[in-house]
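Reading through the C-alpha cells given below for one structure.
The values are calculated or read from the model by the stated rules, or taken from the named source; none is laboratory data. As the structure is a computational prediction, the values presented were derived from the model and not from experiment. Because the Cβ atoms are built from the backbone with ideal geometry, glycine has one as well, and the counts that use them run over all protein chains shown. These area figures cover heavy atoms from the full protein model, side chains too; ligands, DNA and RNA do not enter into them. Shrake-Rupley method; radii C 1.70, N 1.55, O 1.52, S 1.80 Å.
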Amino acid sequence: MASQLTANIIFNAHLGNGFNQVGNTLVELGSIVNGVSEKLISFGKDSANVYREFEKSMTDAEVALSTTYGRGSKELRTVMTELEKSATEWAATTIFHTNDVGNAISEAAHAGWDLDQIMSGLPAAMQLAQAGSIDLSEAVNYIVKASNAAGIEFEDMGHFIDIWTFA
C-alpha cells in the first residue's frame, strides 16, 4: 500500500496538473456533446410535429374529398397520392412549409375544390399569399370567398388573382 502511494505521488509529481487538464477537457467536451444532443432532440421533436400536422391536414382533406371521389375508393387514393406528391414538391420549391401546403389543400377541399382545381388553384394562392404576406390557407379562403361573392368562375380565377395580386 505504501509503495502504491509512493508511486502515485511520484506519478502525480511528474504529470503535475495534467490529470486536472485532461479532466477539465473531458468536462468541456461533455458539455458540448450535451448541447448538440439537446439540439438534435429538439430537431427530432419539431420534425415529428411537422409530420403529424401535415398528416392531420391531409387526412382532413381526404375526408372532404371523399364526398367527390367516394370514401375509400381507388380514385380517392389516387387523388390523395397525387396531392401528397404535389404538396411535398410545392413545399420543397416555394417558401411554404409542408404544413402550410397541407392546411391549404384541406381548406380548398372543404371549399369543394376537386383535384384539378386544387392543382391549379394552389399555385395561384401561393402567389397571393406571397404578395399579400398572408398565410397560404388564408389566401385560399380569401380566393374562395371573393370568387363566390363576385361570381367568378374557377376557370377565370388565375386572371382574377393576377389582377388582385397586382392591386
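Here are some residues: 92, 87. Which one is more than 23 Å from residue 69 (Cα to Cα), at pLDDT 90 or above and under 18 Å from the mean Cα position of the chain (by Cα)? I'd like the intermediate steps shown before the answer.
Details: 87 fails: more than 23 Å from residue 69 (Cα to Cα).
Matching residue, one of 92, 87: 92.
Out of 98, 88, 68, one residue alone is touching a residue at least 40 places away in the same chain (Cβ under 8 Å) and open to solvent by 70 Å² or more (accessible area, probe 1.4 Å). It is 68. Taking the numbered list (1) modelled with pLDDT under 65; (2) surrounded by fewer than 12 Cβ atoms within 10 Å (Cβ to Cβ) in turn, residue 50 passes all entries but (2).
Just one of the listed residues (122, 128, 136) is in contact with a helix residue (DSSP H, G or I) (Cβ under 9 Å, 6 or more places away or on another chain), open to solvent by less than 20 Å² (accessible area, probe 1.4 Å), of a type in the set (A, V, I, L, M) and in contact (Cβ under 8 Å) with a residue 40 or more places away in the chain, and it is 136.
Taking the criterion of being charged (D, E, K, R) and closer than 15 Å to residue 58 by Cα, the residues of segment 92-147 that qualify are 100, 107, 114.
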